[in-house]
Amino acid sequence: MGSSNHGTTVDSFLSNQSAKVFVAGHRGLVGSAIVRKLQQLGFTNLLLRTHAELDLTRQTDVDAFFAAEKPQFVILAAAKVGGIHANKTYPADFIAINLQIQTNVIDSSYRHGVKKLLFLGSSCIYPKFAPQPITEEALLTGPLEPTNEWYAVAKIAGIKMCQGYRLQHGFDAISGMPTNLYGPYDNFHPENSHVLPALIRRFHEAKVSGAKEVVVWGTGSPLREFLHVDDLADGVVFLMDKYSGLVHVNVGSGKEVTIKELAELVKEVVGFEGELVWDTSKPDGTPRKLMDSSKLAELGWVPKIALKEGLVDTYKWYLENVKQ
């Protein structure tokens, strides 16, 4: 039955629970959530390889893996990621490693007969001053955020590679662009974590040490969008099952929260009793960053995990898994 070149998948992903599914990057925040979701749905044949077992930057190794294992579906969640500091320090790594991983995986998938591939990007592919909320059409309409240009350019190349292989070879490669994600297996490192895990850690440490106050940078006025990683995993499965098209698809919650509201919510979830102080001498960053996920909503998918519920879940995971 398979899928035709017109992108109408007759044989749905969800009806293929015994099919070999290669989840690249299965130990990360995103990959681990996708694995949990697929296991819940009854997929029994997941192909998982650690970095030590398969180095995705090595073309011959990737090709040999595909030749031997012949996966039918591929979800590409492997990437080199990091915060502003890492991007500034290792620009060569961010462009080279990401280009190598995605080029090797997408090309081998096509050449070894994969039925469908989903490539995951990031909202940082969009221009720094893209109109809000950011639609898929904003791609390549203006300059990128200078701090993570190298990572963003690699991710844009991945989208374009999926499109190129679809146009030239009829290969069913699609792309999804998630908004800011959070949840189990996030990076809670004190120096290079993102805003939400950083807040969880700081409020927790303040609670444990009995501190009187927690100081947060800026005014708390910028608006941000967050999506629980289990919602993303659900969206990924939905796209694998229902979507086949040239254009990448935004995957967001469509809900905005100010950094102030976020900090208050984290304080409440963690149970920190002290004072929350804003250091307004520090910069705020971009005033607003919201993705337009109406394309995905029109296809019939909406997120299910409310922010507070998701924060409770994430804090519970932090307590059980992150060494104090």
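Read-outs: derived from the displayed coordinates by stated rules, not from any lab. Note that the structure is a prediction, hence the values are computed from the model and not measured. When we count neighbours, we look across all protein chains shown, and the Cβ atoms used for this are built from the backbone with ideal geometry, even at glycine.
Using C-alpha pairs under 8 Å with a sequence gap of at least 6, the mean separation divided by the residue count of the chain gives a relative contact order of 19 percent.
Taking loop as defined by DSSP and a crowding limit of 15 other beta carbons within 10 Å, which chymotrypsin sites (Phe, Trp or Tyr not before Pro) in segment 261-312 fit?
none
Let me know the charge dipole size of the chain about its Cα centre in debye, to the nearest 20, where only the beta-carbon of Lys, Arg (+1) and Asp, Glu (-1) is charged.
Here the size comes out at about 380 debye.
In segment 3-161, the ratio of gyration radius to Kirkwood radius, Rg to Rh, stands at 0.98 when only Cα atoms are counted. Taking the Cα centre of segment 129-249 as reference, the dipole from Cβ charges on Lys and Arg (+1) and Asp and Glu (-1) amounts to some 180 debye.
For the chain, the 222 nm mean residue ellipticity estimated from helices alone, with every DSSP H stretch of n ≥ 4 adding -39500 (n - 2.57) and the total spread over all residues, rounds to -13000 deg cm²/dmol. Spacing of the modelled spin labels on Lys128 and Glu69, each 7 Å from Cα toward Cβ, amounts to 3.9 nm. Per-residue Karplus couplings for segment 290-305, computed as 6.51 cos²θ - 1.76 cosθ + 1.60 with θ equal to phi - 60°, are listed in order as 10, 9, 8, 9, 5, 4, 5, 4, 5, 6, x, 10, 9, x, 10, 9 Hz, Gly and Pro entered as x. Alpha carbon centre of segment 99-114 versus segment 192-217: separation in Å? Centre-to-centre (Cα) distance: 41 Å. A dipole drawn for the chain from +1 and -1 charges on Cβ atoms has a positive end, and of Asn180, Leu38, Thr147 the residue lying farthest that way is Leu38. Note on segment 141-258: the alpha carbon radius of gyration divided by the globular reference 2.2 N^0.38 Å gives 1.36. Considering the chain, its Cα convex hull presents a mean projected area of 16.4 nm².
Computed about its Cα centre, the charge dipole of segment 58-126 is approximately 160 debye, with only Lys, Arg, Asp and Glu carrying charge at their Cβ. With one equal scatterer per alpha carbon and no solvent term, the Debye-computed log10 I(q)/I(0) for segment 46-122 at 0.14, 0.19, 0.23 1/Å reads -0.46, -0.80, -1.08. Of all DSSP beta bridges confined to the chain, the antiparallel ones make up roughly 10%. Reported to the nearest whole Å, the Cα centre-to-centre distance from segment 247-278 to segment 282-324 is 8. Highest average first, the peptides 181-194, 235-248 ordered by how many other beta carbon atoms sit within 10 Å of their residues are 235-248, 181-194. Taking every DSSP bridge with both residues inside segment 1-127, close to 10 percent are antiparallel.
Only beta bridges with both residues in segment 167-318 are counted; by DSSP, about 20 percent of them are antiparallel. Counting every other Cβ atom within 10 Å of each residue's Cβ, Thr57, Thr179 order from fewest to most as Thr57, Thr179.
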